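Reading through the structure tokens given below for one structure.
Bear in mind that the values in this text are calculations on the coordinates, not laboratory data. Owing to the predicted nature of the structure, the values given are computational and were not obtained by experimental measurement. Positions of Cβ are backbone-derived with ideal geometry, glycine not excepted, and every protein chain shown enters the neighbour counts.
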Amino acid sequence: MRFQFVDRIVDVDLSRRIETSTHVAGLDDVFVDHFPGYPVLPGGLVVEAFAQASQLLIAMSHDFARIGRLRRLSRVALRHRVRPGDELAIRCERCAGGESPWTLEAVARIGACRVATAMLEYTLEPAEPGTDAGRHAERLHVLARELWPVPVAAGARGDA
């Protein structure tokens, strides 16, 4: 991923939820024009952090044999500004059972302050070798190993 908005996987409960964190660095190019003298992380990038955390959860839950493709984004609410130096905590939790679609409720917090929420709906796609989905699954697998070095068995909690 060229733009990575997940610095660390804090906790994961496969097929249910993932918690991640990201330190918002003031050196990112996005702050040059958004906004001069008062830098604010664009809301679209907070939503991208939701999407990246959700995709990690889906891929990890399927042992990287399937990935999620965003089908629908709804109920997005941006409540407070995210500024350089903030530690953004993301929690994405699955709402509905079954294989497909995956619907997740995402919440971003800075400390106790809820800064953004959204609902993300995904369809699942097989990650066949040599396909775009397969390459995406490989990138997610590498990222997951870097951010969550604990081996995760399918269906097990990641806090072992």
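Key figures
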quantity: Residue match in the stretch 57-74 (condition: assigned to a loop (DSSP other than H, G, I, E, B) and at positive phi); calculated: yes
quantity: So Ser74, is it in contact with a strand residue (DSSP E or B) (Cβ under 6 Å, 6 or more places away or on another chain), of a type in the set (S, T, N, Q) and exposed (fewer than 13 other Cβ atoms within 10 Å of the Cβ); calculated: yes
quantity: Every residue from the stretch 1-46 that is part of a loop (DSSP other than H, G, I, E, B), of a type in the set (Phe, Trp, Tyr) and out of contact with any strand residue (DSSP E or B) (no Cβ under 6 Å at 6 or more places or on another chain); calculated: Phe3, Phe35, Tyr38
quantity: Within the stretch 75-92, tally of residues that are closer than 15 Å to Ser21 by Cα and assigned to a strand (DSSP E or B); calculated: 6
quantity: Glu105 being under 18 Å from Leu57 (Cα atoms), of a type outside the set (Phe, Trp, Tyr), surrounded by fewer than 15 Cβ atoms within 10 Å (Cβ to Cβ) and within 16 Å of the chain's Cα centre (by Cα); calculated: no
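Matching residues to (1) among the aliphatic types (A, V, I, L, M); (2) out of contact with any Phe, Trp or Tyr (no Cβ under 6 Å at 6 or more places or on another chain); (3) under 12 Å from Val82 (Cα atoms):
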residue: Arg8; (1), (2), (3): no, yes, no
residue: Val12; (1), (2), (3): yes, yes, no
residue: Glu19; (1), (2), (3): no, yes, no
residue: Val24; (1), (2), (3): yes, yes, yes
residue: His34; (1), (2), (3): no, yes, yes
residue: Gly44; (1), (2), (3): no, yes, yes
